[in-house]
Amino acid sequence: MTGNPTIRTREEGETLVVYVGGYLNNVLGEEVERVVREQFDAGGRQVLLHFGETRLVNSIGISFIIGIVEKVMEREGRMAFCDVSRINRELFQITRLAKYVRSFDTEKDALEYLARTV
Amino acid sequence: MAGVRLFGTMGAEASFREEDFFGREEELSALTRAAADGGRGIGSSFMIYGPPNIGKTSLLLKLAHDLRSSPETGGIPRPFPFYFSFSQILSHPLALSQHFIQEFLWQLLRFLGDGQPSPFDPEGMCDQLSVHGFTGCREILAAHAKYTAAGDGLSALVNALSFPFAAGGELFYPVFLFDDFQYTGKLQGVTDGAMLSILRPYIKSGHYPMFLSGSSPGRVTASLKREGLFGTFQMLEIGGLSQESSLRLWQYLCERRRLEIPASLLPRASKRLGGIPVYQRMLVEEIFFRNARVTDVVGLENLYALSVTEGKLNRYWREFFENTFPERARRGRAIRFLKRVLCDRFPLDTVEGALSLMGASQEEGEAVLSAFEFKGLMKSDLEQLAFIGDPVLADFLFWAFERGVLGKGGSQVAASIVQARLSHVEPESGQDAGHARRVAVVKELMRKWDLREVPLLLLDFGKFREKFGGKGLLEVVIGMEGEQVRVRLPKISSVSTGYRTHRGGPRFDFDLVAYGFLEGDFSEENLVIWAVDVVPEKNLAARAVEHFENRCRLLALEKRLPADRLRKWMLLDETADPAAVDLAAQYGVHLSHPTQVRLFLNLFGLEELEREPEAPRPSFTGAPRGEKPLEYELVLPMKADSEMVAARVAEEVAAFASVDSDTVDRIKMAIIEACINAFEHSASESGKVRLRYLLSPEKIELYVQDDGKGFGAGKTPEESKKNRGWGLKLIRELVDDVEIVTGPDGTVVRMVKFLDAGQPGPARKGEGAPDAPGADG
């Protein structure tokens, strides 16, 4: 019903931009986690999660995002969200994710924010 | 005398009658211009292609005739059209080269005004040619004789093909009209493309316009590309005649045979035959020899169907298939395959798909496809297959299939062809646009069911009513392993309009008849037919069910179908008499409500079909309080991503109430979370979760019920470690009221979203834009 997990990445300066497409459930959550972990293992410290192509997020998907945020904080990295739909912003607020990670309307704004905080 | 020539191009030339040629003005103009430009060294070359017998040869011969008739130009060389057909008769290069020289000499002498040269005396023709100032001819013949004696086919061929370029000069320049060029790839002991290698320098010079024609452009263009000639050639596809040209041909043919066909029928007749001239001639001959009169559409269709099933059009295509596939079994396989593609419009564009549909070994399947391509019935471009859409061929294949596989008589098949066409063109009275639209929706839906598993209960209104005491409208069950009521829908290979045996006979006038195959196995044993009626009346009466069942029985009898191979489906408009529901259950007729169909469409991503133009949905705005709510039920298997089905149905239900998109999103998220909770925590033995959606003017109520052991409201220690356990918290935030009841039979989560801010109930949460990042505490 939901198809395969769809994830794309690109590097912008020192930031890894991760485009999360489709239904963010356990399968896609694991995939996002893997991509971010590899970025940090390779020495990267900045991640932008782009939710513009995310249709739905369930609680398991959110738990993976929380885990990712924890790891980023542990490693003193930086992280931001962008293009988050209204319902997903609401979910991030309910789960207090929004307290730890800033969301931006556009990818450009988010990248500028991360660049400033290097 | 031309009559003594046993083989070669004379057959085609002799049968060509210039006065029979109509239309193609644009093509002729382009080719004539290119031929004329050859005199100035800027001539173009063309690859002319199209399906078999579309009129490619006639076009070349008409061009040859026109060029030969072109006026003298006073000292400027004239184009000499040399027509040559590479037929399969001359597959040996020695024979071909010999014949090529003879043919060239013969046509050239005729062009130069030498009456009737002796075609089998090349030396004599050489002598005649010398009178016109051409020398060196005998030397070329001697060289050819030497290669022939040595059995050197390739050298003999090079010698022969170079011959025309040694001639010419002040009087003329040759324009090559090479027909059936694909056969040059089948010469014995000569590699594919050798012919173009030999001709390459002459083509490149621009002095010798070359028009290659054939049914298999793929092979020839591949050779052209290998030789670096593809850019030199312009591609010219030949199709049916324009309607205007086709009408002129009808008038000419009818006058010649003194037939009277009402002028009003001729456009239809042209369309019926795809504007293909050879079919027009054959149908006129059919009518003439049967001494028949055509006075109306039915008469025309009858004569056409007779011709396809037992007359000239039948013989025409039968011989074609007998020649192309001499082996009976392979012929049968090829016909059945092509029937499914052209008649049933099986969507097919890959070699893998074709082999699968054919059910043959890879070797045999590829051989059949190769033969289709060679004969011009199929085009292969970048591994994408395309089949020709010849209407007469499609009807012939229908005849061959019905007769060969189902054992039906010619008259039965003819009646089917006539009726199908008449039904298709003239929709029955009383079937308004709404009905037609609904039929189209169901048709598309059936196509989308391709290889999907949908259980019987999905369609069965009667069983549902019985099971739920008439309260609800729908139950959807998706893919439960071992489910008793579960059936696998066949692979739908064709959806067509209704079916009748013959005019005035038993009416099998279903709205749709879908042919499919169980388990994706395209065998007769697994053939299943769906008969579908969309009931136009507001209320379904028992009488209509009875009538439908009678037609189904006739259809089953006609098709010799066992009981389980005919699926019967009626789509209601609004309501059904209890007696009709009972009768449908008795006969095994599935009944469905449009609401069900709309939900299916949504599930299959087809909702736009229904939405334009959209049928009015029930509006709850201003509806009296306390009105009986609409109720939907859904049973889902507890397996990955099933919750998405629940969300999509919730979206559809919410759409009925015209709520804003934020509310829809919250409802979807809430039901997703409730489902996930049930999947993860209930430990249900049945592996099912039952959902109910109740829609009233005031609120949407969602129930998620499992038969498991229940789940706690807080996080388990393990969940806390893994950042899990957010489900219930999210639900509580997303909807206005949540109630969780756990009992011995399982757990029910009831979620309520109020639709009107003024309604009693808990205060609404989360309306409007969320807080700014970081503001949530």
Worksheet entry | Selection from segment B:640-667 of residues that are within 13 Å of another protein chain (Cβ to nearest Cβ), open to solvent by 40 Å² or more (accessible area, probe 1.4 Å) and of a type outside the set (A, V, I, L, M) | B:ARG648, B:GLU651, B:ASP660, B:SER661, B:ASP665
Response to the item:
A:GLU33 vs (1) within 14 Å of chain B (Cβ to nearest Cβ); (2) touching a residue at least 40 places away in the same chain (Cβ under 8 Å); (3) surrounded by fewer than 16 Cβ atoms within 10 Å (Cβ to Cβ): all pass except (2)
Discussion item. Quick check on segment A:41-55. Is at least one of its residues within 8 Å of another protein chain (Cβ to nearest Cβ) and open to solvent by less than 10 Å² (accessible area, probe 1.4 Å)?
Written reply: no
Worksheet item: B:VAL131 fails exactly one of the following numbered conditions: (1) in contact (Cβ under 8 Å) with a residue 60 or more places away in the chain; (2) farther than 22 Å from B:MET210 by Cβ. What is the number of that condition?
Response: (1)
Worksheet item: Identify, please: which residue in segment A:40-58 is polar (S, T, N, Q) and more than 15 Å from A:GLU11 (Cβ to Cβ) and is, among those, modelled with the lowest pLDDT?
Response: A:THR54
Worksheet, complete the sentence: Sole miss for A:LEU24 among (1) buried (at least 20 other Cβ atoms within 10 Å of the Cβ); (2) at the interface with another protein chain (Cβ under 9 Å from one of its Cβ atoms); (3) out of contact with any Leu (no Cβ under 6 Å at 6 or more places or on another chain) is condition (2)
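Would you mind finding the one in B:PHE289, B:PHE230 that is under 25 Å from B:PRO81 (Cα atoms), open to solvent by 30 Å² or more (accessible area, probe 1.4 Å) and among the hydrophobic types (A, V, I, L, M, F, W, C)? Write out each step before concluding.
Values: B:PHE289 fails: under 25 Å from B:PRO81 (Cα atoms).
Answer to the selection: B:PHE230.
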Worksheet item: Out of all the residues in segment B:688-704, which are open to solvent by less than 20 Å² (accessible area, probe 1.4 Å) and within 41 Å of the chain's Cα centre (by Cα)?
Response: B:VAL689, B:LEU691, B:TYR693
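Kindly indicate the residue of segment B:290-308 that is part of a loop (DSSP other than H, G, I, E, B) and not hydroxyl-bearing (Ser, Thr, Tyr) and also farthest from the chain's Cα centre (by Cα) among those meeting that condition.
Of all residues in segment B:290-308, those part of a loop (DSSP other than H, G, I, E, B) come to B:290-296.
Adding the requirement that they be not hydroxyl-bearing (Ser, Thr, Tyr) leaves B:290-294, B:296.
Working: B:ARG290: 34, B:ASN291: 36, B:ALA292: 34, B:ARG293: 34, B:VAL294: 32, B:ASP296: 30 Å.
The qualifying residue farthest from the chain's Cα centre (by Cα) is B:ASN291.
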Practice prompt. Six or more apart or on different chains, Cβ under 7 Å: which pairs go from a residue in segment B:369-393 that's free of Cβ contacts under 8 Å to residues at least 60 places away in the same chain and closer than 22 Å to B:ARG315 by Cβ to one that's aromatic (Phe, Trp, Tyr) and buried (at least 16 other Cβ atoms within 10 Å of the Cβ)? Could you list them?
Written response: B:ALA371/B:PHE325
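Quick one: is B:ALA670 in contact with a Gly (Cβ under 9 Å, 6 or more places away or on another chain), at pLDDT 85 or above and buried (at least 20 other Cβ atoms within 10 Å of the Cβ)? Give the derivation first.
Numbers: in contact with a Gly (Cβ under 9 Å, 6 or more places away or on another chain): no; at pLDDT 85 or above: yes; buried (at least 20 other Cβ atoms within 10 Å of the Cβ): yes.
No.
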Worksheet item: Residues of segment A:65-104 being open to solvent by 70 Å² or more (accessible area, probe 1.4 Å), more than 9 Å from chain B (Cβ to nearest Cβ) and in a helix (DSSP H, G or I), which ones?
Response: A:LYS71, A:MET73, A:GLU74
Discussion item. Would you confirm, using the coordinates I've provided, whether B:PHE211 is in contact with a Leu (Cβ under 6 Å, 6 or more places away or on another chain) and open to solvent by 30 Å² or more (accessible area, probe 1.4 Å)?
Written reply: no
Item to complete: With respect to B:ILE529, determine if the residue is of a type in the set (Val, Ile, Thr) and modelled with pLDDT under 80.
Response: no
Practice prompt. Mind listing whichever residues of segment B:320-333 are over 19 Å from B:ARG403 (Cβ atoms) and either assigned to a helix (DSSP H, G or I) or touching a Gly at 6+ places or on another chain (Cβ under 7 Å) (or both)?
Written response: B:ASN323
Discussion item. B:SER264 - would you say it is touching a Pro at 6+ places or on another chain (Cβ under 9 Å) and either hydroxyl-bearing (Ser, Thr, Tyr) or farther than 27 Å from B:ARG33 by Cβ (or both)?
Written reply: no
Worksheet entry | Failed criterion for B:ARG732 (all others in (1) away from chain A (no Cβ under 13 Å); (2) at pLDDT 75 or above; (3) open to solvent by 50 Å² or more (accessible area, probe 1.4 Å) hold) | (1)
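Please enumerate the residues belonging to segment B:355-370 that are polar (S, T, N, Q) and in a helix (DSSP H, G or I).
As a first pass, look at segment B:355-370 and keep what is polar (S, T, N, Q): B:356, B:361-362, B:370.
Residues satisfying the conditions are B:SER356, B:GLN362, B:SER370.
To keep it simple, each residue is scored yes or no on (1) open to solvent by less than 50 Å² (accessible area, probe 1.4 Å); (2) part of a strand (DSSP E or B).
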site	(1), (2)
B:ILE335	yes, no
B:ARG345	no, no
B:GLU352	no, no
B:PHE372	yes, no
B:LEU385	yes, yes
Discussion item. Step by step: first the residues of segment B:404-448, then only those that are small (Gly, Ala, Ser), at pLDDT below 70 and not in a helix (DSSP H, G or I), then the one that is nearest to B:ALA329 (Cα to Cα). Which residue is that?
Written reply: B:SER429
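The values are calculated or read from the model by the stated rules, or taken from the named source; none is laboratory data. Everything numeric in this text was worked out from a predicted model, so none of it was measured. All Cβ positions, even for glycine, are placed from backbone atoms using ideal geometry, and neighbour counts span all protein chains on display. To get the accessible areas, we keep the full protein, side chains included, count just its heavy atoms, and leave off ligands, DNA and RNA. Shrake-Rupley method; radii C 1.70, N 1.55, O 1.52, S 1.80 Å.
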